[in-house]
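Asks: Take this structure first; my questions come after.
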Amino acid sequence: MSDTTGPPSAATPPPACPAHSSAVLLGGLEYQQTPSQLYRSLRREHGAVAPVLLDNDIPAWLVLGYPEVSFVTSHDELFARDSRRWNQWPNIPADWPLLPFVGYQPSVLFTEGEEHQRRAGVITQALEGVDQFELARECELIAEQLIAAFSGSGQAELMSAYAHALPARAVLWMCGMVQGSADTEQLVDDLRISLDAGEGDDPVAAYGRVGARILQLVKEKREQPGPDVTSRMLQDPAGLTDEEIVQDLISVIAAAQQPTANWICNTLRLLLTDERFAVNVSGGRVSVGDALNEVLWLDTPTQNFIGRWAVRDTQLGGRLIREGDCLVLGLAAANTDPQIWPESHVGAENSAHLSFSNGEHRCPYPAPLLADVMARTAVETLLEYLPDLVLSVEPEELTWRPSIWMRGLTSLPVQFTPASR
């Protein structure tokens, strides 16, 4: 059965298989440093849906167009989240690097239909119980503690010393973990390693420790519930099991930590390198909100998301998508689609970006609002305490992490007037 619904496209349909000769490998130095150029060239050559190759030359489709990403994420009956549908599983090696992202897990990320509504509903209700003013106060306290650790030295590397740590501590606070304890600090470090491992790190072992600590937290909250996300999930009438809550809590924590960390750091980079903001921000908070929103359009923390799997043969952007094909959501490419920004001008006041995805599987409300509280508080508090903050290197010396999925700097070195102790 074939379904021909989908956004119109003038692109000429290529051979049906995404692995045909013009497929482009997602990776390489060009992609890491200037992905927007690659998106433009793919769009010119292939239109809104491009054939690409993942690690080990595994074929997939990269959805580049804003209307097409919106369509895919709005039609779960055609493009579903359960990765067990993938027609490439016979070709996937046991040590494939993307297995942590696409291997089926019993978490809210891979559920569909009524089961997804049940699991996502529990998360939504639990997050709605977070007082945003209380969260802002906690983030400010965390920010002050982190800043105090390096403010006397006159220099810092903000990616590791600030941007990563703040959202990790904040989301663990929301989940009911005691701040400042040794196991909380270990969990913050394990979260960083499991989501963004550096050389010498063991992400698999770190992820195992994260799961064990979250299971311990769930057991603690069953015995002694409190005013936190974990307790509210346990008390929800949906009656999730401990295993389900552990899986979904890890999803919530991971979604809050790494993307928010990159959002904070990418915004600080913009404020410190773009003269439109630098003049206004020094000594005030005039443009922080605009900068945060512009980053979501132009340097969105999650630039690509894997993925969706075709439920049956269908058409998308002039392409024949076969049943079981994998579609990678090109969120960054869609946000800069010339169809919505014909003159390449992104309006910072517009918030119709796809950075939190779209449809039933988008970040559950009110997660984007809570992420905004964390990011905005982190940026504003840093600028308030260190108003003469400047880069320690030239802007062109900053480098991006070698990831096709996340958009984040390898480091953000800064200097400032040392604070008196």
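The values are calculated or read from the model by the stated rules, or taken from the named source; none is laboratory data. Just so you know, these numbers come straight off a predicted model, no measurement behind them. Cβ placement follows ideal geometry from the backbone for every residue including glycine, while neighbour counts extend to all protein chains displayed. Surface accessibility is based on the protein's heavy atoms, side chains included, excluding ligands, DNA and RNA. Shrake-Rupley method; radii C 1.70, N 1.55, O 1.52, S 1.80 Å.
Asks: When the residues of the range 408-421 are narrowed to those that are open to solvent by 50 Å² or more (accessible area, probe 1.4 Å) and touching a strand residue (DSSP E or B) at 6+ places or on another chain (Cβ under 8 Å), which ends up modelled with the highest pLDDT?
Replies: Result: GLN415.
Asks: Residue check, TRP405 against (1) out of contact with any strand residue (DSSP E or B) (no Cβ under 8 Å at 6 or more places or on another chain); (2) crowded, with 16+ Cβ neighbours inside 10 Å, all met but one. Which one?
Replies: All conditions are met except number (1).
Asks: A further question follows. Do you know which residues across the range 368-402 are of a type outside the set (D, E, K, R) and open to solvent by 30 Å² or more (accessible area, probe 1.4 Å)?
Replies: Correct list: LEU369, TYR385, PRO387, VAL390, SER392, VAL393, PRO395, THR399, PRO402.
Asks: Consider only pairs whose beta carbons are under 9 Å apart and that are at least six residues apart or on different chains; among these, list those whose first residue lies in the range 190-204 and is closer than 15 Å to MET159 by Cβ and small (Gly, Ala, Ser) and whose second residue is at pLDDT below 75 and part of a helix (DSSP H, G or I).
Replies: What qualifies is ALA197/PRO203; GLY198/ARG192.
Asks: Go through the residues of the range 92-109 one by one and say whether even a single one is open to solvent by 20 Å² or more (accessible area, probe 1.4 Å), over 30 Å from LEU272 (Cβ atoms) and among the aromatic types (Phe, Trp, Tyr).
Replies: Yes: the range 92-109 contains one or more residues that are open to solvent by 20 Å² or more (accessible area, probe 1.4 Å), over 30 Å from LEU272 (Cβ atoms) and among the aromatic types (Phe, Trp, Tyr).
Asks: Out of ARG192, ARG137, ARG213, I need the residue that is more than 23 Å from the chain's Cα centre (by Cα), open to solvent by 20 Å² or more (accessible area, probe 1.4 Å) and among the basic types (Lys, Arg). Which one?
Replies: ARG137
Asks: Considering only residues that are part of a helix (DSSP H, G or I) and free of Cβ contacts under 8 Å to residues at least 40 places away in the same chain, which ones fall in the range 246-281?
Replies: VAL246, LEU270, GLU275, ARG276, PHE277, ALA278, VAL279, ASN280 - these are the residues of the range 246-281 that are part of a helix (DSSP H, G or I) and free of Cβ contacts under 8 Å to residues at least 40 places away in the same chain.
Asks: Ok, one more. Restricted to the range 125-160, and to residues that are among the charged types (D, E, K, R) and not in a helix (DSSP H, G or I), which residue is nearest to GLN235 (Cα to Cα)?
Replies: Only one residue tops the list, namely ASP131.
Asks: In addition: Sort out which residues of the range 54-67 are at pLDDT below 95 and part of a strand (DSSP E or B), and write them in order of number.
Replies: LEU54, the sole residue that qualifies.
Asks: Right, here's the next one. Of GLU360, GLU384, GLU343, GLU394, which residue is modelled with pLDDT of 90 or more and more than 24 Å from THR410 (Cα to Cα)?
Replies: GLU384
Asks: Right, something else. Based on what the data block shows, is GLU114 in a helix (DSSP H, G or I) and closer than 18 Å to ALA170 by Cα?
Replies: Against the criterion (in a helix (DSSP H, G or I) and closer than 18 Å to ALA170 by Cα), GLU114 does not qualify.
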